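Engineer: Before I ask anything, here is the structure I am working with.
The values are calculated or read from the model by the stated rules, or taken from the named source; none is laboratory data. This structure is a prediction, so every number in the text was calculated from the model and none was measured. Cβ sites come from the backbone with ideal geometry, for glycine too, and all protein chains shown count toward neighbours. Surface areas here come from the heavy atoms of the whole protein model, side chains and all, with no ligands, DNA or RNA. Shrake-Rupley method; radii C 1.70, N 1.55, O 1.52, S 1.80 Å.
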Amino acid sequence: MSKKVLIVVGIVLLGLIVCYLVMTNKDENIVFNAENIQYDNQVIQDVYTDKAKYNPNEIVNVTIELSNDTDTELKGELFLHGKHINDTVNSVKSELVELAVNEREKIVLTLELPDEDFKGYMVEVYFMDGNAIMDYGTTAVDVSTDWTKFPRYGYVSVFDSIPEDAIKSNIDSLNKYHINGLQFYDWQYKHQQPVSLDSNGDVTDEWIEIANRPVSKDIVDGYIASAHQYDMAAMNYNLIFGAWKDYEEDGVLPEWGVYKNPNGERQDHHPLPSDWASDKIYLFDPNNPEWQQYIINKEKEVFHYIGFDGWHIDQLGDRGTLFDYNGERVNLGEGYASLIAKANEEMDEKLVFNAVNGYGQGLIAINKDIDFLYTEVWDTDSYGKLKNYIDEGYRYTEDQINMVLAAYMNYGVPSGEFNTSGVLLTDAVIFASGGSHIELGDSGMLSNEYFPNDKLKVSPELERQLREYYDFLTAYENMLRDEPHEIRRKVLSEDIKLSKRPQPNSVWYFAKDVRDYEVLHLINFSDIQSMNWRDDGGTQVKPTEQKEVSIKYYTDEAIKKVLIATPDLYEGITIPLEYTQGEDENGNFIELVVPDLMYWDMIMLQKES
């Protein structure tokens, strides 16, 4: 995407030494200095790809939107470079581009990438006049045959009276964030009867969902078709154990229910507004084999009639002590695992389960009957809780299955805009920890658990920065999410206060081992007082930017290269860092200077082979 801030790249060494990036084209070497860019956001307005993910050997179409916002005619060439971490894997050059004053143009360049599965790439685009860089921008590419390896989850939630061009516009917008899977929230007719069928057994054109909102089958189908054009998956949402108050009319028996007491009375339920189609969702025993078969058959019916790609399975968290109809204690966690295992056996579909606050996660994750982990987080008192959920998921799955967190921002703010600082700090923690964040969809951005709620808006500045963050998450997926293993490392600095845990007025650090690299993450809480990640009041402040910070990183590994990247500056481009090696009473260390830390920096130390 396009650069929106003037880039100054520097490393302190007897003053400011300019970092040089080296781009290799097919026929020339271009060495340039980022300080010498002639224009800032006056030529390259946007850069994006035509799909959310690609299969190996699939051509990537990169669109570059240009605009001459200067006072003179511009001539130059576009240089496009596909890079994995810091290695250029392919380069493309355009024909001569001529832009009159105020002229706008879109240019599409095609990029071929290596025949490798599950790889992330940064795409760097430069507009150059000879050897002078006029402007540059970036985007990212995920080459993966299976989207659930690196899930970047979004949502759609409104399925009534939407023009076809609005559907395309919504999906096109999400594609620019590389969203590769969509949760279709409350699309269904009833929880116990997801598909609305007429007397002939055909799907009706319209139906009313639980909040009394109309749903059009054409809109549902339209969203699925549009998502598939961008290689996004469409996941149908439904509870694992819920039914409306009229459930007996659809063949569900009260004997399958869960109860608050052991005598088959007071069936557990989740209350809903009185003006909804059902003011309660009654709950059933996921251990019960008859309920299991009933709901699985209904989900099979969904996939028979509608082109979804998987089942997003929801629950309602810890329900306390419950009994079945015969008075036996019910273990919901075991029931969830049992039902999901049976669904996995009977359906060839992607399965994702919402472990609310981690409830029921362990056994399901260990059994690996789901395609990625998903947790709706309600613990709000610490940024560390977010990382703990992601770490727990990796421990359960031997670092193999990735996590998506549903973590609703600015929950207590009644209207207005999302607080940029709060959102970016939370995303920095989630992404650095190896997770992703379901937050973006057709209604904008999530501020609470009812997805159609659009009380808060995304400002243009937050939108721009989120594009940078999602480019970063995608380009560096192999550093962030490709089976990272947490390691203990000592890190020291005389310039800043470092902390092994998130706390006010400090820089939180942790390290991961990712194949050929040790990866150090720095999260900036300088002058931050609140550790409430949800930023309930929308008052989280921007951390104080840290510049030219010297650190010592202790490791016994032989290191041959040190790189730094951040979504906050340089549009995420990898920058080589100068470093020295030494030894003191704490052991062997790498000493380097971090040029700039805003919210989050990622330092990659490449090990000797």
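Engineer: Which value in deg cm²/dmol, rounded to the nearest 500, describes the helix-derived mean residue ellipticity at 222 nm for the chain, given -39,500 (n - 2.57) per DSSP H run of n ≥ 4 and division by the residue count?
Structural biologist: About -6000 deg cm²/dmol.
Engineer: So for the chain: antiparallel DSSP bridges make up what percent, rounded to the nearest 5?
Structural biologist: 75
Engineer: Label points 7 Å out from Cα along the Cβ direction at residue 334 and residue 202: separation in nm?
Structural biologist: 4.8
Engineer: Counting other Cβ atoms within 10 Å, which chymotrypsin sites (Phe, Trp or Tyr not before Pro) in the stretch 137-237 have at most 14 and lie in a DSSP loop?
Structural biologist: Here no loop site has a sparse enough neighbourhood.
Engineer: Over the chain, what percent of the accessible surface lies on carbon and sulfur atoms, probe 1.4 Å?
Structural biologist: It is 43 percent, rounded to a whole number.
Engineer: Let me ask another. What does the charge count around residue 590 come to, taking other residues whose C-beta lies under 14 Å from its C-beta (Lys +1, Arg +1, Asp -1, Glu -1)?
Structural biologist: -2
Engineer: Given a cut-off of 29 Å, name the pairs among 51/350; 51/607; 260/457 whose C-alpha atoms lie farther apart than that in the structure shown.
Structural biologist: Beyond 29 Å: 51/607; 260/457.
Engineer: Any chance you could give the angle, 0 to 90 degrees and rounded to 10, that helix 460-475 forms with the longest Cα principal axis of the chain?
Structural biologist: Rounded to the nearest ten degrees, it is 90.
Engineer: Cα centroids of the stretch 267-344 and the stretch 131-178: how far apart, whole angstrom?
Structural biologist: A separation of 32 Å, based on Cα centres.
Engineer: Enumerate lysine pairs in the stretch 86-198 that are 8 or more residues apart or on different chains, then count those whose Cα atoms are under 25 Å apart.
Structural biologist: 9
Engineer: Explain nothing, just the number: relative contact order of the chain, from Cα pairs under 8 Å at least 6 residues apart, as a whole percent.
Structural biologist: 11
Engineer: Taking the full set of protein chains and a 1.4 angstrom probe, give the accessible area of residue 319 in square angstrom, rounded to the nearest 10.
Structural biologist: Number for this one is 50 Å².
Engineer: Roughly how tilted is helix 164-175, in degrees to the nearest 10 and between 0 and 90, from the longest Cα axis of the chain?
Structural biologist: Relative to the chain, helix 164-175 is tipped by roughly 60 degrees.
Engineer: Among the DSSP beta bridges whose two residues both lie in the stretch 343-471, what percent are antiparallel, rounded to the nearest 5?
Structural biologist: Restricted to the stretch 343-471, the bridges split so that about 15 percent are antiparallel.
Engineer: Roughly how many Å is it from the Cα centre of the stretch 478-494 to that of the stretch 361-395, as a whole number?
Structural biologist: 19
Engineer: Let me check I've understood the local charge: for residue 331, count other residues with C-beta under 13 angstrom from its C-beta, Lys and Arg +1, Asp and Glu -1. What total comes out?
Structural biologist: My count for the surroundings of residue 331 gives -3.
Engineer: Taking K and R as +1 and D and E as -1, what net charge do the other residues with C-beta under 12 Å from the C-beta of residue 607 add up to?
Structural biologist: -3
Engineer: Determine the alpha carbon to alpha carbon distance for each of 387/547; 280/300; 342/368; 385/500; 490/552; 500/542 and list only those over 19 Å.
Structural biologist: Correct reply: 387/547; 280/300; 500/542.
Engineer: Report the full-extension gain for the segment residue 515 to residue 212: residue separation times 0.36 nm, less the Cα-Cα distance, to one decimal in nm.
Structural biologist: Once the chain is fully extended between residue 515 and residue 212, it gains 104.0 nm.
Engineer: Could you size up the charge dipole of the stretch 541-596 around its Cα centre, putting +1 on the beta carbon of Lys and Arg and -1 on that of Asp and Glu, and report it in debye to the nearest 20?
Structural biologist: 200
Engineer: Next up: Would you please name the GluC sites (Glu not before Pro) within the stretch 59-131 that are DSSP coil residues with at most 13 other C-beta atoms within 10 Å of their C-beta?
Structural biologist: 73, 95, 103, 112, 116
Engineer: Rounded to the nearest 10 degrees, what's the angle between the helix 289-305 long axis and the longest principal axis of the chain, both from Cα atoms, 0 to 90?
Structural biologist: 60
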